[in-house]
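The values are calculated or read from the model by the stated rules, or taken from the named source; none is laboratory data. Everything numeric here is computed off the predicted structure, so don't read it as measured data. Positions of Cβ are backbone-derived with ideal geometry, glycine not excepted, and every protein chain shown enters the neighbour counts.
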Amino acid sequence: MKMIAEAGSALEAKIEHQKGFLRVLTCGSVDDGKSTLIGRMLYETNAIPDDQLAALRRETQRSARGKRSEELDFAFLVDGLEDERQQGITIDIAYRFFVTPVRKFVICDAPWHEEYTRNMATAASNDDVAIVLVDARKGILRQTRRHSFIASLLGVRDVIVVVNKMDLVHYDQSRFELICEDFQAFSRPLSFRSISFIPVSAKVGDNVTSHSDNTQWYRGRSLLSSLESLETDTTAESAPLRLPVQMVSRPTADLRGIAGQIASGRVLVGQPVVVAKSGQQSRVRSIIRGRDYVEIAEAGQAVTVVLEDDVEIARGNMLVSQHDRPSVSDQFMAHVIWFNKEAMIPGRSYICCTEVDSVAATVTTLKHAVDINNFSECAATSLQMNEIGVCNISTQRPIVFDSYRENRTTGNFILIDRFTNETVGAGMIAHGLRRADNIHWHALDVNKQARAALKLQTPAVLWFTGLSGSGKSTIANIVEKLLHQRGKHTYVLDGDNIRHGLNRDLGFTQEARVENIRRAAEVAKLMADAGLIVIVSFISPFRSERTMARELFAAGEFVEVFVDTPIEECARRDPKGLYKKALAGEIKNFTGISSPYEVPNCAEIHLRTLGRDPYELATEVEKYLDAREGS
Amino acid sequence: MVTSKYLDMLEAEAIHIMREVVATARKPVMLYSIGKDSSVMLHLALKAFYPARPPFPLLHIDTTWKFREMIAFRDRVVKDEGLDLIVHTNAEGVAQNVNPFNFGASSYTHMMKTLALRQALDRHGFDAAFGGGRRDEEKSRAKERIFSFRDVKHSWDPKSQRPEMWKTYNTRVGPGESIRVFPLSNWTELDIWNYIAQEDIRVVPLYFAQRRPVVRRDGQIIMVDDERMPIRPDEQVEERLIRFRTLGCYPLTCAVESGARTVTEIIEEMRLSRTSERFGRTIDSDEDAAMEKKKREGYF
């Protein structure tokens, strides 16, 4: 089939598309000729306006890349940003639109460098089909496996393998077939629904939009024809109703609108629906779409639903079908792709965001990482940037979800750093964990208040943080003495002492430090529950663990005490001779020397110790407690 | 007519995005530039929150060099729909008589648009601003996220964009930081016109062909909208049948010769059109990477 001479946009205006819209992911390794292929498709479907074509001619001639300047360098059409144009690489995702008589397409051009896995995953998250480019001369590479795996993991069901640069291997059929076999063999565990193979030269134009005479032995479709004929999923409409609640508004006294975009299924006026988190039932009174009242709405549509009853519902909840409900749990297992330079560490607290919900969450267990070259499981204690792992995640309160396999919209989440607000990871939920349902907190008749009342005190946790040798233990010790003298019931949890017993199994890696703090915080919580004033003296160098500890306690119960001593002074005091060893390189991961200390920015008490007497500082802490008790 | 199912999909996507912003931002605003994209965006906002009003104001950055018809249209729409409009002009630029003739397109744009926008956002403390940008307009726009994060100085760093997975957006910002949000990211120029036709959306009459006073300057057709436009000795003001594909400041916006007087005729004309829309914007062709530079500085 030869492409029509008419402008692409013209077709769009004239015809009804026979097939739905298709989102296409393109991925390949360095120099596979991906930008050239995309440029070629845009050019041959007339999606490039004249002025951009003229600019392309100018750029082709100006650049060193255009050695044979009479040929157009299609890559220029696609490589948008200044940096990458100069370096000759693609660093971010570009979206390109084109149309044929059959269907409308958007191409998401994903980058190919390993360090940009996150962009590739981003592009794949919304796509229907992946075009995987393979250089006919090089065959299947590490990146080919990587990209195929990520596409599969993110739910791309169909793959078209474009074996490019066939002109450089003299259109050798056996070379092509060998690559097909290789791909089939390694991709078997990825369970794609369909895989097709096309021999192509993007530069020359073979089998891109029409069948090429250079590959007489190939009887399959051209790339464009394959894309046009692909069947997309239509299961979203027949699936059970999922309407994630974006916002609830009350524009008039008698109308409470529940707004959201239907993730799957359909909703009808009069239909019984369930509020996922509470299980409360109601019926749909009316459905508003745009400015119209409608009888029915289906997957993909943005609607506002009004219910018969005034049930409790807010952003983050979900309206679902009565008979087929999603999971509601605070623990689940998921695949996680890590995006950030700071590794993912089990025990650390992040913000977990589903499409509409947002909750504090901890990765409780990193079960294993996945080697994406052979898809095998491998043991890991943390996930580095661009690594993928299977994790158990625990959220502060239950969220609503389906498995990602069943529903890409309600089965996904992202993880956000609590301090920088960066998106640090993304996850695909496998299933909920039963544990959370079966272990209920045992409600006892004698509670915290009762125990504290008997002791005539308000439980508290004084959390001392600071460098080794800053004076934490000294001050903590005096504070306990002062309180004890006044008849208060106290206990000191000291970092070093705890490491002799409870935390004997932990070392000083970042992962172990996180676990160290988690255990200390949990013990402090039990002691506070017993009605005690707990004094914790731990270096606790990371902000996120201190925040995690803080969140275990009621408001006002947790008092962070920053013992602020300059590192030079700590090293001068060096009560245990540790700085000397650390500076000599004998101790690894020593806070302040070879491991960071993150200074608190919201400590309740800030003790600057230089030139001050420890008793004076301890009295300051005591006064804070008194003021708090009095208030 | 294009299958409305596709336009429905674009519409639902844009509405979803707007609701996410309203549900999570502290103080959102909608940039309203009076053009066709803004008209579509406003129409979507009216739908997204119906029967409530859009729960945010509109912000127009007035360079004082907009077509008179644009300003009249803006005031009419705001009045008819009962909207809350903020108009901001860079007073410093006006005091220095910054204009597109003596200052060159790029420093004029920096002063009267980029700086003005930053002033307005800072003054009102908006933490999220909707813009009508589309990915098909220009190469660097094609790579920008729907939720585009800006630091305290409003600048955009293409290398540290937040990954945007599914429709699960990270809308969190720190103090002084903000996000620019582009609900029309995935629309093309033709989608815009098809939607305008389908929904019968009002647009500025300058988009439709009419005889208007123009001069030919540097190979382009510039409309003489008011007496501030200096006419060069070799130029002659003449009446021609023209229209605009894109609207901005009149001295910087080129007209096209066209007889398309209705939306249907415009869509018909696009069948034969072989130039891109921003071809008519003189500010973009300053340098190859002009738009990316401007965006890094805080331009929309």
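Candidates are the residues of the range A:303-327 that are hydrophobic (A, V, I, L, M, F, W, C) and either assigned by TED's automatic domain parsing to the domain that holds A:Arg518 or crowded, with 20+ Cβ neighbours inside 10 Å (or both); the one that is nearest to the chain's Cα centre (by Cα) is A:Met318.
For B:Ile231, the conditions (1) among the β-branched types (Val, Ile, Thr); (2) in contact with a strand residue (DSSP E or B) (Cβ under 8 Å, 6 or more places away or on another chain); (3) modelled with pLDDT of 90 or more all hold with the exception of (3). None of A:Thr474, A:Thr458 is in a loop (DSSP other than H, G, I, E, B) and modelled with pLDDT of 85 or more except A:Thr458. Meeting the requirement of 3 or more residues that are within 14 Å of chain B (Cβ to nearest Cβ), the strands (runs of 3 or more DSSP E) wholly within the range A:95-166 are A:104-109. Scanning the range A:259-291 for residues that are within 11 Å of chain B (Cβ to nearest Cβ) and under 22 Å from A:Ser327 (Cα atoms) turns up A:Ala259, A:Gly260, A:Gln261, A:Ile262, A:Ala263. Scanning the range A:359-401 for residues that are among the charged types (D, E, K, R) and in a loop (DSSP other than H, G, I, E, B) turns up just one, A:Glu387. Is it the case that B:Asp127 is closer than 18 Å to B:Lys27 by Cα, touching a strand residue (DSSP E or B) at 6+ places or on another chain (Cβ under 7 Å) and within 14 Å of chain A (Cβ to nearest Cβ)? Spelling it out, B:Asp127 is indeed closer than 18 Å to B:Lys27 by Cα, touching a strand residue (DSSP E or B) at 6+ places or on another chain (Cβ under 7 Å) and within 14 Å of chain A (Cβ to nearest Cβ). Given the criteria crowded, with 18+ Cβ neighbours inside 10 Å and either in contact with a Phe, Trp or Tyr (Cβ under 9 Å, 6 or more places away or on another chain) or closer than 15 Å to A:Val561 by Cα (or both), does A:Thr591 qualify? Taking the combined requirement at face value, the residue satisfies it. For the range B:180-194, the criterion of being free of Cβ contacts under 8 Å to residues at least 60 places away in the same chain, at the interface with chain A (Cβ under 9 Å from one of its Cβ atoms) and touching a Cys at 6+ places or on another chain (Cβ under 8 Å) is met by no residue. Here B:Asp84 meets each of (1) in contact (Cβ under 8 Å) with a residue 40 or more places away in the chain; (2) of a type outside the set (Val, Ile, Thr); (3) touching a strand residue (DSSP E or B) at 6+ places or on another chain (Cβ under 8 Å) with one exception, condition (1).
Of the helices (runs of 4 or more DSSP H) lying entirely inside the range A:515-631, those carrying at least 2 residues that are in contact with a strand residue (DSSP E or B) (Cβ under 7 Å, 6 or more places away or on another chain) and not charged (D, E, K, R) are A:543-550, A:614-630. Here is the figure for the range B:136-158: residues that are more than 7 Å from every other protein chain (Cβ to nearest Cβ) and in a helix (DSSP H, G or I) total 1. Filtering the range A:336-358 for residues that are more than 14 Å from every other protein chain (Cβ to nearest Cβ), assigned to a strand (DSSP E or B) and under 28 Å from B:His16 (Cβ atoms) leaves an empty set. In the range B:163-179, of all residues being within 8 Å of chain A (Cβ to nearest Cβ) and hydrophobic (A, V, I, L, M, F, W, C), the one that is nearest to the chain's Cα centre (by Cα) corresponds to B:Val173.
Here B:Asp136 qualifies as modelled with pLDDT under 85, in contact with a Phe, Trp or Tyr (Cβ under 8 Å, 6 or more places away or on another chain) and not hydrophobic (A, V, I, L, M, F, W, C).
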